[in-house]
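The values are calculated or read from the model by the stated rules, or taken from the named source; none is laboratory data. Note that the structure is a prediction, hence the values are computed from the model and not measured. Ideal geometry is used to build each Cβ from the backbone, glycine not excepted, and the neighbour counts take in all protein chains shown. These area figures cover heavy atoms from the full protein model, side chains too; ligands, DNA and RNA do not enter into them. Shrake-Rupley method; radii C 1.70, N 1.55, O 1.52, S 1.80 Å.
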Amino acid sequence: MPDNLHTERTFFSLLHDDKEFTQIVIPMLQRDYAQGRKNSDVNRVRNNFLSAIENAIVNHQHLKLDFVYGSRTDDGNLILLDGQQRLTTLFLLHWYASQKENINLQEYDFLSKFKYEIRPSTTHFCNQLLANHIDTNKPSLSEQIKDAPWYPLMWDNDPTIQGMLLMIDELHKRFFHIHDLWTLLTRENIISFDFLDINNDLKMSGM
């Protein structure tokens, strides 16, 4: 496929600046969030990915991730077909930065465009993350979340939620010391990826 059919984006620009999409949707056909699993192989992948992000942010060096692509629906949603794992981690990182630096809700409400529809519990969990403030001065964010009145016990059985909780704790360990994390994520082109809208780009290519 010709190079001019994709564009370089950041997570912020895809959700905040791109007005073509109503929502970015992780559909039911996708697997659970794998980067938060507990096994040696995933631990290695997670640590390598987070180390690359941390190094890029701390040293202000551009990090370009692999392709992300999806298919646009008639109602303006983008159904994500590849990039779920990376974008989910970036979603959690942006959410974490907003909490750590007490960003006004109006500035990070664009994160609500990222819809996790693998199962209703996961969708509700992400909505609750955005609706409730977390105190990042405490050591364990996952325990704070699980103790919150809006967290039902049944969510302990949702593997994606449990993976997100593990990742949130990992992000807290790595990024709590970084000042102006929100600004670095949203105003600097530090972490990017090539984005492909399959429906639109196939039309442009005449296929």
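Brief remarks follow.
- If the chain linking residue 75 and residue 156 were pulled fully straight, counting 0.36 nm for each residue of separation and taking away their Cα-Cα distance, it would gain 25.8 nm.
- Protection proxy ranking of 91-104, 150-163, 49-62, by the mean of other Cβ atoms within 10 Å over each peptide's residues and highest first, is 91-104, 150-163, 49-62.
- GNM result for the chain, Cα springs below 10 Å: residue of 121, 40, 13 fluctuating most strongly: 40
- The listed residues 123, 22 rank as 22, 123 when sorted by accessible area, largest first, using a 1.4 Å probe.
- Given R0 = 22 Å, the distance between the Cβ atoms of residue 31 and residue 142 translates into a calculated FRET efficiency of 0.55.
- Take the Cα of residue 45, step 7 Å toward its Cβ, do the same at residue 8, and the gap between the two points is 2.6 nm.
- Helix-only mean residue ellipticity at 222 nm for the chain, each DSSP H run of n ≥ 4 adding -39500 (n - 2.57), per residue, nearest 500: -13500 deg cm²/dmol
- If only the Cβ of Lys and Arg carry +1 and only the Cβ of Asp and Glu carry -1, the dipole of segment 23-64 around its Cα centre is close to 100 debye.
- For segment 148-154, the Karplus equation 6.51 cos²θ - 1.76 cosθ + 1.60, evaluated at θ = phi - 60°, returns couplings of 6, x, 8, 9, x, 4, 4 Hz by residue, with Gly and Pro reported as x.
- Ellipsoid fit via the Cα gyration tensor, segment 5-55: semi-axes of 27, 17, 9 Å, each the root of five times an eigenvalue, largest first.
- Contour excess over end-to-end distance, with Cα ends at residue 109 and residue 131 and 0.36 nm allotted per residue: 7.0 nm
- Under-5 Å amide H pairs with residue 63, H placed in peptide plane, nonlocal only: 191, 192
- Of the residues 190, 61, 43, the one whose Cα sits farthest toward the positive end of the charge dipole of the chain, with +1 on the Cβ of Lys and Arg and -1 on the Cβ of Asp and Glu, is 43.
- Within segment 61-207: Cβ-based charge dipole about Cα centre, in debye rounded to nearest 20 (Lys, Arg +1; Asp, Glu -1): 120
- Average projection area in nm² (convex hull over Cα atoms of the chain, one quarter of hull surface): 11.9
- Given charges at beta-carbon only (K, R positive; D, E negative), |dipole| of segment 40-118 in Debye: 220
- Across segment 70-80, coupling constants 3J(HN,Hα) worked out from phi with the 6.51/-1.76/1.60 Karplus curve, θ = phi - 60°, read x, 10, 7, 9, 5, 8, x, 7, 10, 8, 6 Hz, and Gly and Pro carry x.
- Residue-normalised accessible area of segment 1-149, expressed per residue, 1.4 Å probe, Å²: 49
- Distance from the Cα centroid of segment 114-149 to that of segment 12-75 is 18 Å (rounded to whole angstrom).
- Coupling constants for segment 133-139 follow from the phi torsions by the Karplus curve (6.51 cos²θ - 1.76 cosθ + 1.60, θ = phi - 60°), and in residue order they are 7, 10, 7, 7, 7, 8, x Hz; glycine and proline get x.
- With every protein chain in place, the chain: carbon and sulfur % of accessible area (1.4 Å): 49
- Annotation: amide H-H contacts under 5 Å for residue 117 (H modelled 1.01 Å from N, sequence separation of 5 or more, or interchain): 26.
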